[in-house]
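These notes concern the structure reproduced below.
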Amino acid sequence: MNDAGAAAAVTVPPAPGPSASAAVELRGLTKLYGRKAALDGVDLTVASGAIFGFLGPNGAGKTTTLRILAGLARPTAGSAAVLGRDVLAAGNQIRSQIGFLPDVPGFYGWMTAAEFLRFAGGLFDLDDATLRARVAALLELAGLAGVEARIGAFSRGMKQRLGVAQALINAPRLLLLDEPTSALDPIGRKDVLDMIAALAGRTTVFFSTHILADVERVCDTVAVLDHGRVVAQDTIDGLKQRHGHGQRLLVEVDDPARLVQAVAALPWVALVERSGATLRLTVSDLPTAERALPAVIAAAGLGLRRLEADEVSLEEVFVELVGERRP
Amino acid sequence: MSAFSTFLGKERRETFRTWRLWILPGITLGLALLSPVLTRLTPELLRATANSQPGVVIHVPPPTARDSYVQFMGNLGQLVIIAVIIAGAATIAAERRAGTAVLVLTKPISRAGFVVAKAISQLAVLVCATVLGVAVCIATTVALFGAGSIAPFVAAAALWLAFAAMILLLMVMLSAAMRSQAPAVGAGIGLWIGLLVFTGFPLIRDHSPAGLMAANDATLRGRDVALLWPLVTTAIAGAVFLAAAIWFFRRREL
């Protein structure tokens with residue numbers, strides 16, 4: 001996790017216009033397809049330098065948001081600003097500073113990876129020396145150096161890694177990645193996440209996914225989108241603190257069965273789960289539980305071996321935020 | 001190198017490294033070779049048919065170089081125009097369907113530049129295919145029939161090229177306006193048939209691109225044909241189709 005980026009990327013209050021320090025700023029962003037709202041008044045700010053995870057279930061509106069940011073779709077209402085400029089008005093000035101990877105990147109199957117990167121760099125009008133150096137470096141980064149096969153023969157993982165590489169050919173200030181790890185095998189996922197993690201501190205990464213483990217691994221700030229609305233935006237730790245359903249303690253004693261009986265009737269204990277010698281207590285009031293539990297254990301004549309707070313997972317936060325609303 | 005010339009370079013390489021090379025140039029060159037040969041063999045084929053049926057006598061005058069050119073022009077006006085329609089319908093729709101348009105258009109190339117580069121590359125293929133086809137047809141015809149009158153054939157082919165270029169730009173527009181290639185092909189064939197119908201109405205024919213479709217035979221015979229209005233309206237229609245293609249594509253979400 002990038003602590004510096006996390007500190008800088010905490011939610012900011014809505015500003016009247018695009019902020020120069022924000023890499024991405026959405027205000028009341030709405031996108032209608034017929035009567036269906038894919039985006040319903042999205043407000044979102046992503047600070048420069050953040051590795052930002054854009055979380056949401058399938059159909060939440062993540063891809064629509066990214067398509068608007070990349071200039072591929074127009075909002076029905078509201079505004080979208082990238083690097084301080086409105087995406088509708090800025091055109092090529094914005095596109096020259098962003099890199100974009102769609103969820104399923106489409107390549108010219110007759111090209112090799114090197115040819116595609118040279119082509120992509122040519123669209124940015126890079127000079128020959130810069131282009132040669134970047135193509136070599138990005139092929140190395142993507143693990144495609146020396147691969148002479150045409151892209152049409154590539155595996156999904158190779159295409160995805162090439163997709164990330166082509167998005168970096170212009171050394172973008174903002175990298176937009178739509179589900180970059182979906183449908184990849186574990187090794188392909190690791191490779192792509194390593195590439196993203198390597199960008200920390202150098203470029204802002206706006207990364208949509210529904211794979212929570214990926215977000216926990218590389219992102220410093222996140223927003224959760226559900227049914228076209230942002231339901232939470234914070235650092236990962238902040239989200240866990242604010243949205244974890246209940247709080248938990250892990251307890252190990254010499255006779256777990258007796259402790260289960262001892263705590264079952266206590267008012268601040270919501271749930272007791274046992275896994276071998278370890279009890280996981282979900283409590284409604286953590287400070288009270290932390291103070292009272294050692295006394296309860298001592299009163300029961302039990303020996304305390306372990307007592308610690310159990311971290312709420314991002315998955316539990318996600319389920320709390322969006323799980324109950326799904327049809 | 002600018003984004004536009006980079007994309008145009010990609011189009012050129014794509015022509016030589018994919019199926020695109022075999023559609024228009026392949027069909028045109030094939031017909032340029034086959035048309036004179038079929039014209040040369042037609043009397044023998046008809047006589048063989050007649051000989052297999054007692055009592056049937058078919059008199060066929062000896063084929064000439066002009067017959068060979070008429071045969072080729074007929075094929076250009078039908079088979080190759082259909083190939084132009086199919087290839088033109090894929091111009092933008094295929095890049096959208098494959099997802100390549102998304103990767104390209106999130107880089108600093110405008111949608112107008114994208115459409116114009118696609119149109120230029122397709123037009124270049126059409127011009128090259130036509131020039132090669134005409135050259136091959138002339139060479140084959142001269143080999144089989146001796147030297148005929150080449151100038152009227154070249155003039156007729158040039159008129160056909162102007163008409164085919166307009167049809168190609170029409171297809172670029174339909175490819176930008178419609179969701180996929182198939183409906184664009186359907187609409188293109190429908191409009192082409194509409195122009196064919198117009199050739200039966202002299203007032204419309206003489207003041208529209210349909211006049212170019214009707215002018216081939218007269219041009220091959222060396223007769224003077226009033227071509228100003230058909231040429232002017234064809235040029236205007238082509239420009240309007242290209243502008244409309246840009247307009248449609250700028251509004252299309254990807």
Name the single residue, out of those in the range A:66-90 being β-branched (Val, Ile, Thr) and in a helix (DSSP H, G or I), that is nearest to the other protein chains (Cβ to nearest Cβ). A:ILE68
Please find, among B:SER149, B:SER208, the residue that is more than 21 Å from the chain's Cα centre (by Cα) and of a type in the set (Ser, Thr, Tyr). B:SER149
Would you confirm, using the coordinates I've provided, whether A:LEU168 is touching a residue at least 24 places away in the same chain (Cβ under 8 Å), under 21 Å from B:SER110 (Cα atoms) and surrounded by 17 or more Cβ atoms within 10 Å (Cβ to Cβ)? yes
Out of B:LEU123, B:LEU169, report the one residue that is modelled with pLDDT of 95 or more, buried (at least 20 other Cβ atoms within 10 Å of the Cβ) and in contact with a Leu (Cβ under 7 Å, 6 or more places away or on another chain). B:LEU169
Over the range B:195-224, the set of residues of a type outside the set (D, E, K, R), under 22 Å from B:GLY74 (Cβ atoms) and without any contact (Cβ under 8 Å) to a residue 12 or more places away in the chain is B:VAL197, B:GLY200, B:PHE201, B:PRO202, B:ALA218
All strands (runs of 3 or more DSSP E) inside the range A:247-293 with 2 or more residues being farther than 22 Å from A:LEU314 by Cα: A:247-253
So is B:VAL116 away from every other protein chain (no Cβ under 14 Å), crowded, with 19+ Cβ neighbours inside 10 Å and hydrophobic (A, V, I, L, M, F, W, C) or not? no
Quick check on the range A:153-164. Is at least one of its residues modelled with pLDDT of 95 or more, part of a helix (DSSP H, G or I) and out of contact with any helix residue (DSSP H, G or I) (no Cβ under 6 Å at 6 or more places or on another chain)? yes
Quick one: A:ASP127 ticks every box in (1) more than 11 Å from chain B (Cβ to nearest Cβ); (2) modelled with pLDDT under 95 except a single one, so which number is it? (1)
Every residue in the range A:174-190 that is over 18 Å from the mean Cα position of the chain (by Cα) and either among the aliphatic types (A, V, I, L, M) or within 14 Å of another protein chain (Cβ to nearest Cβ) (or both), please. A:ILE187
Residue ranges of helices (runs of 4 or more DSSP H) in the range B:1-99 with at least 2 members at pLDDT 95 or above and closer than 30 Å to A:TYR108 by Cβ: B:3-17, B:20-51, B:81-98
Positions within the range A:191-226 being more than 10 Å from the chain's Cα centre (by Cα) and of a type in the set (D, E, K, R), in sequence order: A:ASP191, A:ASP194, A:ARG202, A:ASP226
Here's a check for you: in the range A:91-116, which residue that is more than 8 Å from chain B (Cβ to nearest Cβ) and in a helix (DSSP H, G or I) is surrounded by the most Cβ atoms within 10 Å (Cβ to Cβ)? A:ALA113
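The values are calculated or read from the model by the stated rules, or taken from the named source; none is laboratory data. Keep in mind it's a predicted model, so treat the numbers as computed, not measured. We place every Cβ from the backbone using ideal geometry, glycine too, and count neighbours over all the protein chains shown.
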